[in-house]
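Asker: Take this structure first; my questions come after.
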Amino acid sequence: MPKFEYAPAPESRAIVSLRESYGLFINGQFTPSADGGAFKTISPATEEVLAEVAEAGPADVDRAVTAARTAYERTWSALPPKERGKYLFRLARIIQERARELAVLESLDNGKPIRESRDVDIPLVAAHFFYHAGWADKLEYAGYGPAPRPLGVAGQVIPWNFPLLMLAWKIAPALACGNTVVLKPAETTPLTALTFAEICQQADLPPGVVNILTGAGETGRALVTHPGVDKVAFTGSTEVGKEIARSCAPTRKKVTLELGGKAANIVFEDAPVDQAVEGIVNGIFFNQGHVCCAGSRLLVQESVYDQVLASLQSRLRTLRLGDPLDKNTDVGAINSAAQLAKIRELSEIGEAEGAQRWSPPCELPVKGFWFPPTVFTGVSQAHRIAREEIFGPVLSVLTFRTPAEAVEKANNTPYGLSAGVWTDKGSRILWMASRLRAGVVWANTFNKFDPSSPFGGYKESGYGREGGRHGLEAYLDV
Ligand code: NDP
C-alpha cells in the first residue's frame, strides 16, 4: 500500500487549442468532405465531445490520391534526397517543439496517461522522424541496390492505440524513401493526426506529399482498394488485415500488415523477481493493455509461481487508475465503449470457463470508459482468454516446468508478434530466442521500441517489417 496519498497533479489543457471542427487535409489545405459528412470525437475519460471531424467518402479518397500522385510525380520523387531529408528533419524538430501540446492532445483523445504520451509516445514520434531523415540521402547504402526507387502513392491505415506514433511509423519511412502518402487515422483518435497536418503546413511541406483523411472503416476500405494506390500499409486487427490482404491479392499493390498478438512473457526461476514483476506490469498494463505486442500471457516457472504472483499482486495494489492528464496516473481510460464491451465480454468468458479473476481494490470513475487491472489465474491453454487478443488490461497466468515446455506453450498461438524472456542466464536467452516464433523477443525487459529496430510479426500477426533498415524495404521498389 502507498505510504502517503498523492495530491492531484493535472497537466494543463491550456496548451491545446482545439478547433470546433476539422476538415480533411488534402493537397496542403483543410477542406470539408465532398458530401458534408462529419462525426464527433470524444474524450474516453469524460465522454466530453472534443471536436467535430470531417468524414471522407470515396470522392474525397479520390481527390487525396490524385493530389498524392501529382505531388509524387511533380515534386517529391524529383527532389534531391538530401532535400527530402531536410523536410523530415524540419518535421522532427517541430514535433519536438510542440511535444507538450501533442502529448496533452493524445491523452485527451485516446485516454492514455500523460506520463506515457509525454515520455514514450511523443519522444518516439520525433525519434522516428529524425531517424528516417537520416536515411533519406543514404538509401543507396541500405543494401537494396545502388539507386533504389520509391513505389509511388502509399495508402496507410492506422489504429487508435498509439495514434501519432503509428502515424510516424507509417509516414516517416514512406517520405524518406520518396513516396507520397494518404493516411487514415482511427475514427476514435483523429486529433493528433490533424495537428500533424498543421505541422506539415508549418514545415512548408509541398502540397499533396502528406494527405490525412479522417473517417471510419469505410474510408479505410475506400483508400486501400483505390486503384491509384501503389502501396498499402495497415496496422490493426487480424480480421481487417485479412480482408485487406484478400482485396490487394489480385492487384500489383505492395502490402505490409501489422496485426494482433498474444505474446508470452516467460519468467524463469532464476529471474530477478522484482525486475520481472516490473516487466510484467509494463508488458500488460502499459497503455491499458491496448498494445499489439502486449505480454498478455504470463508463463511462470512453477517453482516461483507463488512468489511471482504475490509480488505482482502487491505491485498492482499501488497502480493509480484515473484522470489521464494527472501526472501520477498509471492506468488511463479504455479508448472506446466498444473496446470496453469487448474486454468485459472476454473477461466474463474467462470466469465462465473456470479461471479465477482478481483485481486490486480500485475505484472506477463514474463517467467515461474504465476497466481495472485484472489478473486471471488457473488459466489453461484452451481458455479463450489464453488464445484471443483482449486488447485491454487483462493478464492470463499459466505455468511451465521446463524450458521446452515454455517454448511449446509460448508458440501455441496463431499469432507471433513478440515475446519476453526473464532469466539470469545469457545462454538460455539465446536458446529461447532462437525457438520462439515471434518477430521481437525481449530479454529482461519488455515493450522497448527504437526506430532503428525492425518490428513485425510471424503467422497471423502479419507480414513486413517497420523500422530499421528492414523497414525501408517496404517503401522501395526492390
Ligand atoms: P480495426 O482493425 O477495425 O481498425 C484499425 C484501422 O482500420 C482503423 O483506422 C479502422 O477504422 C480501419 N478499418 C476498419 N475496417 C476497415 C476496412 N474494412 N478496410 C480498411 N480499414 C479499415 O480495429 P478496431 O479498432 O475495430 O479494434 C478491434 C480489435 O482489433 C481490438 O479489440 C484489438 O483486439 C485489435 N486491434 C489490434 C491492433 C494492433 O495494433 N494489433 C490495433 C487496434 C485494434 P476505424 O477506427 O474508423 O474503424
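Asker: Any chance region 207-225 includes a residue that's more than 14 Å from the ligand (Cβ to nearest atom), touching a residue at least 24 places away in the same chain (Cβ under 8 Å) and within 21 Å of Thr41 (Cβ to Cβ)?
Answerer: Step one: list which residues in region 207-225 are more than 14 Å from the ligand (Cβ to nearest atom), which gives 207-211.
Next, from what is left, pick out any that are touching a residue at least 24 places away in the same chain (Cβ under 8 Å): 207-211.
Subset that is within 21 Å of Thr41 (Cβ to Cβ): 210-211.
Yes, some residue in region 207-225 is more than 14 Å from the ligand (Cβ to nearest atom), touching a residue at least 24 places away in the same chain (Cβ under 8 Å) and within 21 Å of Thr41 (Cβ to Cβ).
Asker: Go over the candidates Lys231, Lys254, Lys262 one by one and state the one that is more than 14 Å from the ligand (Cβ to nearest atom), buried (at least 24 other Cβ atoms within 10 Å of the Cβ) and among the charged types (D, E, K, R).
Answerer: So the residue among Lys231, Lys254, Lys262 that is more than 14 Å from the ligand (Cβ to nearest atom), buried (at least 24 other Cβ atoms within 10 Å of the Cβ) and among the charged types (D, E, K, R) is Lys231.
Asker: Among the residues of region 150-185, how many are more than 11 Å from the chain's Cα centre (by Cα) and hydrophobic (A, V, I, L, M, F, W, C)?
Answerer: Residues that pass the stated criteria total 13.
Asker: Those residues that are out of contact with any Asp or Glu (no Cβ under 7 Å at 6 or more places or on another chain) and of a type in the set (A, V, I, L, M, F, W, C), I need them from region 156-176; list them, please.
Answerer: Within region 156-176, Val157, Ile158, Trp160, Met166, Leu167, Ala168, Ile171, Ala172, Ala174, Leu175, Ala176 meet the criteria.
Asker: Would you mind stating whether Ser247 is within 20 Å of the chain's Cα centre (by Cα), within 11 Å of the ligand (Cβ to nearest atom), in contact (Cβ under 8 Å) with a residue 12 or more places away in the chain and open to solvent by 10 Å² or more (accessible area, probe 1.4 Å)?
Answerer: So Ser247 fails the test.
Asker: I've got another one for you. For region 339-362, give me the residue count where each residue is more than 19 Å from Leu321 (Cα to Cα), open to solvent by 70 Å² or more (accessible area, probe 1.4 Å) and either touching a helix residue (DSSP H, G or I) at 6+ places or on another chain (Cβ under 7 Å) or more than 16 Å from the ligand (Cβ to nearest atom) (or both).
Answerer: Total meeting the criteria: 4.
Asker: Based on what the data block shows, is Leu183 within 16 Å of the ligand (Cβ to nearest atom) and either at positive phi or not in a loop (DSSP other than H, G, I, E, B) (or both)?
Answerer: yes
Asker: Something else: Counting only residues that are of a type in the set (A, V, I, L, M, F, W, C) and in a strand (DSSP E or B), how many does region 31-45 have?
Answerer: Looking only at that region, the number is 3.
Asker: Right, here's the next one. Which of the residues belonging to region 15-30 are within 17 Å of Ile212 (Cα to Cα) and open to solvent by 60 Å² or more (accessible area, probe 1.4 Å)? If you could, list the steps in order and put the result at the bottom.
Answerer: Filtering region 15-30 down to residues within 17 Å of Ile212 (Cα to Cα) leaves 19, 21-30.
Once the filter is applied, which keeps residues that are within 17 Å of Ile212 (Cα to Cα) and open to solvent by 60 Å² or more (accessible area, probe 1.4 Å), region 15-30 yields Arg19, Ser21, Asn27, Gln29.
Asker: Show the residue pairs meeting these rules: Cβ distance below 7 Å; 6+ apart or different chains; first residue within region 467-478 and hydroxyl-bearing (Ser, Thr, Tyr) and open to solvent by less than 10 Å² (accessible area, probe 1.4 Å); second residue part of a loop (DSSP other than H, G, I, E, B) and at pLDDT 95 or above.
Answerer: Tyr475/Leu151; Tyr475/Cys177; Tyr475/Asn179
Each row is one residue, and each column tells you yes or no for (1) over 15 Å from the mean Cα position of the chain (by Cα); (2) open to solvent by less than 40 Å² (accessible area, probe 1.4 Å); (3) small (Gly, Ala, Ser).
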{"site": "Ser427", "(1), (2), (3)": "yes, no, yes"}
{"site": "Val440", "(1), (2), (3)": "no, yes, no"}
{"site": "Gly457", "(1), (2), (3)": "no, yes, yes"}
{"site": "Ser461", "(1), (2), (3)": "no, yes, yes"}
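Asker: Right, something else. What number of residues within region 363-383 are at pLDDT 95 or above and surrounded by fewer than 16 Cβ atoms within 10 Å (Cβ to Cβ)?
Answerer: The qualifying residues number 8.
Asker: With over 15 Å from Val210 (Cα atoms), open to solvent by 60 Å² or more (accessible area, probe 1.4 Å) and touching a Ser or Thr at 6+ places or on another chain (Cβ under 8 Å) as the only criterion, which of Glu47, Glu55 stands out?
Answerer: Residue meeting the stated conditions: Glu55.
Asker: Can I ask one more? Which one of these is closer than 29 Å to Ala14 by Cα, at pLDDT 95 or above and open to solvent by 20 Å² or more (accessible area, probe 1.4 Å): Glu140, Glu73, Glu83, Glu101?
Answerer: Glu101 is the lone residue from the list that is closer than 29 Å to Ala14 by Cα, at pLDDT 95 or above and open to solvent by 20 Å² or more (accessible area, probe 1.4 Å).
The values are calculated or read from the model by the stated rules, or taken from the named source; none is laboratory data. Please read all numbers here as calculations on a predicted model, not as lab measurements. Virtual Cβ from ideal backbone geometry, glycine too; neighbours counted across all protein chains shown. The protein model used for the area step is the full one, side chains on, heavy atoms only, and it has no ligands, DNA or RNA in it. Shrake-Rupley method; radii C 1.70, N 1.55, O 1.52, S 1.80 Å.
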